[in-house]
Amino acid sequence: MRTSRWADRIGWFLEKGLIWIVCSLFVLIFLGNKLLILFNMSYGLYSLEKFLYHSYDLIIEPNIGTITTIASIFVGIYITVLSVLGSIKANSVMALLSDNLLKKIIKYIITGLIASFVVVFYSFFAILITNEFIKLFFFFLFVFYMLLTSLRLGINLSVIYSVDLHKISENIEKEKDEAEKYKRVMSRLEKYLDDREAERFRQR
């Protein structure tokens, strides 16, 4: 029970808090500082804006190709996982999860897929943006969002499986037992029918 509550808290934080907290703080700090610089120079921090430019020159600009490649890989992974989920078999582990969990997983996959697509397309068209601040601000924001959505999906899947693994194993064992029981019943039924058929031939 404690493990379940602990997992629910982590899931809630990842689902409702982490992405929006990080992205909102980023927007509030850097976009808010930019607006203060534009409208009231005495309150805005030029050092903070220079830090953003320096971080972009250090992290994003020399690695745009790598970031685009990572986003493309994420797109491929998400599409593959969606395809796998679309062809779930009745005896697979994913089929044993509740509808609510499956819907959450699918929602996270679609969100991550969209975020990765945005990063891929933005990396191609960012060169057309003339305002340097807008270009680097949204590049950071989209990359953060892409990474956080992928992290959310990965950790939620880990939490789901770690909490429900015992239950899933039990369900698999029950299904195996039911399948074996069904095979035994069918075998006995087939033997009974064969015996009846043989008895009829003897009576003739």
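What the table shows:
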item	result
Packing-based ranking, highest mean first, of 144-151, 22-29, 74-81 given that Cβ atoms within 10 Å are counted	144-151, 74-81, 22-29
Residues Leu85 and Glu61, FRET efficiency given R0 of 41 Å [Cβ-Cβ distance, rounded to 0.05]	0.65
Rounded to whole Hz, the Karplus (6.51, -1.76, 1.60) HN-Hα couplings of the stretch 143-153, x for glycine and proline	5, 4, 5, 4, 5, 5, 5, 5, 5, 4, 4
Virtual spin-label span in nm between Glu132 and Thr69, 7 Å along Cα→Cβ	2.8 nm
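Taken together, the values in this text are just the output of simple stated rules run on the coordinates, not laboratory data. Quantities reported herein were computed from a predicted structural model and do not represent experimental measurements. Neighbour counts run over all protein chains shown; Cβ positions are idealised from the backbone, glycine included.
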